[in-house]
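The values are calculated or read from the model by the stated rules, or taken from the named source; none is laboratory data. Predicted model, so just to flag it, every value in this text is computed and none were measured. What goes into the accessible areas is simple: the full protein's heavy atoms, side chains included, and nothing from ligands, DNA or RNA. Shrake-Rupley method; radii C 1.70, N 1.55, O 1.52, S 1.80 Å.
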Amino acid sequence: MMDKHKENYLKVILGLFSMTLMIYIGSTLFKKAKVDITEEGLYTLSKGTKSILSKLDAPIKLKLYYSKTAANKGTEGLRAFNNHYLYVQELLRQYASNSRNNITLEVIDPRPDTPEEEDAMAYGLKKFNLTETERYFFGLVAENESGTEKIIEFFDPNLKDKLEYDLTKLIYTVLNPQKKNIGILSSMKVMNNDLSPQMVQIMRMQGKPIEDSWMVTRMLSEFYNVKKIEKDAKLISGIDLLVIIHPKGFSNETLFAIDQYVMKGGKLLVFTDPNAVSDRSAEMYGGVSSSPDAGFKKLMDKWGIELKENTYAGDKYLSGVGRFNPNMPPGRLLALLNCNEQCTNEYKDNITSGINNSTFVFPGVLNTKTVEGVEHTPIMSTTAKGNSYTAMGYELNNPQALWKKFSEGSKPVVIAYKATGKFKSAFPDGIKIKVDKDKKKKDKKEEKNEVVKESTKENAVIVFSDVDFINDQFAFKKTFLGMAVANDNSTLFLNSVEALTGDVDLMSVRSKGRINRSFDVINEIEFEAEKRTADKVKEINASIAKFQAELNQLGSKANEGNIALLQNEGIRKKKELAKKIAVLKKELRAVKREGREKVEEIGKFFQYLNTLLVPFIIIIFGVYYNRKRSKLMQGRRISKIENEESRQNSGNLTEVNV
């Protein structure tokens, strides 16, 4: 009996030892063995991040400050940050494990009146006062050996999709802390640095018009060293990024300078437009200001990107409300494209992270062609039901004409592309330039410039098919405090600049966790309701205009003899108009109510479905399981009865000796 007990004790001890050994092996040997089964790969570093980490040749220390004790003592909403903290911590551990021991991670819980709390405040991390003594921190500090410090002052769970990009950018900026230089080249008056502040003040006092620099360029100067590149520039150098706005009318020397800038590793951000309404010079000639011209198309051809002439991107579900002139009633305009997350979610580029409201005016259509060594990535587009349409002349100012030409499509129309790779020169043989060999004799001689025929390293170019969206008229609004941001247009511009001034690998880091599934049926109902509403409003305005014309006609016939009669006639017509408008308004309310009720019915259907579907499935499963179990039990009872009968029969047999 004692041996049996000893055997059982030995089994328990061996079992506990085996379990401990397996846990140890799993937490050490297989620590890096992970399987990411999330749809977006939330716990897997992108290739761009791994490439940047592999280039690290100096140690970086990461300090993650998180007030875990304060969060656990706080409200339910504050404790919810624990999940995001675990995600941030796990991602940072992956950075450390992929850095070839160049990144060390330290997790700090700053308690009140401790050196850790003082350090967190000194670094500039955002703090939240929970009580008189308790403070809450959730940020990151990155330090290198030379003492350069960069921070993420607070980790916002709402920006989870951009987390990897922010962390990778933080590490990149710690290694490259110097301020970047941006050059701006434009055929329009985008930058106006020719006038001194004193001269600007004098001109304003005299009431003279002053063309200020565009707001986006002034915002850019807050973060970068910005300089203007002249239209006749023969050499472009000393900048980290060249921004080209509305490329047209550039000389051959300037085009060659742009080409060679790219060949030598310079990055480009280009804004083209088939109809730049913000270009006031076009109004002087009564035409359309479009870009690129034939010269710049030669450069774009080497990037594999083409802008179709007189062709525009439209989407009835993204069409904005506005008017072409003050005398026109507001309505849905195909020319206005109000892009939301539906325009960007499919591509998950960090340039468009958080961009939910950007307005484009007559955006063009970008197409690509295969170029050896160049990869094209869409950044923004219409929805799948968007389409392209052509328009010229009077049609561009006629909303009804544009709607008649538009038809719903079946795939998105791209309005922004990113091209990366090694580009080839558009001027492989160089260009001939005239130089003064002897200033005294003024003897001009033609000679060729030296040319780089192919990019020396991986490079990037971003092309947008609209210029107007970064203009003050469409990106900002006037308030009593001055100019204010009207939408996400300026943020999209700054994001593009930020992405291009970083490493090419940094640009390849994708946003994660951004999934949006639109309700196409509801969008269709709302659009049709708005369209019918607009028709009713148009009918009401037409009736009012007709009544006004009739009153004017009666007024022209008035004289001393018939003034009383005409007044009575006017009163009668006014009553008729009031009755007609009342009927039309009633129909208008019915149209709005009908559209709203259809949407509500769909909502109720899904509400009932969610409420009743699970109980219904459980009931069906219960009935099925009960019937299956009953049959099984019945079979067992029959088998038991048969066995008992068999035993009874065998007991009744008598043994016979032969």
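Can you tell me how region 79-166 classifies by the Cα gyration tensor, rounded, prolate or oblate, using a/c under 1.5 as the rounded cut? Please list the in-between numbers first.
Working: a/c = 1.94, a/b = 1.28, b/c = 1.52.
It comes out oblate by the Cα gyration axes.
Could you run the Karplus curve 6.51 cos²θ - 1.76 cosθ + 1.60 with θ = phi - 60° over region 314-324 and give me ³J(HN,Hα) per residue in whole Hz, x for Gly and Pro?
Listing the rounded values in order: x, 7, 5, 7, 10, 5, x, 9, x, 8, 7 Hz.
Give 63/127; 162/477; 348/411 a once-over and call out the pairs whose C-alpha atoms are over 21 Å from each other.
Details: 63/127 16 Å; 162/477 28 Å; 348/411 17 Å.
Exceeds cut-off: 162/477.
Mind listing the long-range amide H neighbours of residue 226? Cut-off is under 5 Å, sequence gap 5 or more, other chains count too, H placed in the peptide plane at 1.01 Å from N.
182
At 1.4 Å probe size, with the rest of the protein present, what percent of the exposed accessible area of region 42-185 is carbon and sulfur atoms?
Numbers: 3210 of 6880 Å².
Answer for region 42-185 is 47 percent, counting heavy atoms of protein chains only.
Ignoring ligands, DNA and RNA, what accessible area per residue does region 241-302 give at 1.4 Å, in Å²?
On the way: 2050 Å² over 62 residues.
Counting only protein heavy atoms, the per-residue value for region 241-302 is 33 Å².
According to the square roots a ≥ b ≥ c of the eigenvalues of the Cα gyration tensor, what is the shape class of region 333-375, taking rounded for a/c under 1.5, prolate for a/b larger than b/c otherwise, and oblate for the remainder? The partial results should precede the final answer.
Values: a/c = 3.35, a/b = 1.40, b/c = 2.40.
In terms of gyration-tensor shape, oblate.
At a 1.4 Å probe radius, which order do 587, 450, 375, 395 fall into by accessible area, largest first?
Numbers: 587 70, 450 175, 375 115, 395 35 Å².
So, going from the largest accessible area down, we get 450, 375, 587, 395.
In terms of solvent-accessible area of protein heavy atoms at a 1.4 angstrom probe, what is the ranking of 353, 18, highest value first? Intermediate values should be presented prior to the final figure.
Details: 353 10, 18 55 Å².
These residues rank, largest area first, as 18, 353.
Can you give me the accessible area per residue for region 45-124, using a 1.4 Å probe, in Å²?
Per-residue value: 49 Å².
Taking amide hydrogens as modeled 1.01 Å from N in the peptide plane, which residues meet the under 5 Å criterion relative to residue 452, leaving out close sequence neighbours?
HN-HN under 5 Å from residue 452: empty list.
Summarise the accessible area of region 307-381 (1.4 Å probe, protein heavy atoms) by the percent that is carbon and sulfur.
Details: 1270 of 2880 Å².
Exposed carbon and sulfur together represent 44 percent of the surface.
Which cross-chain or sequence-distant (5 or more) residues have an amide H under 5 Å from the amide H of residue 381, H modelled 1.01 Å from N in plane?
Long-range HN contacts for residue 381: 415.
When the Cα centres of region 306-375 and region 91-106 are compared, how far apart do they sit, in Å?
40
Rank these by accessible area, largest first, 1.4 Å probe: 188, 121.
Working: 188 20, 121 75 Å².
Result, largest first: 121, 188.
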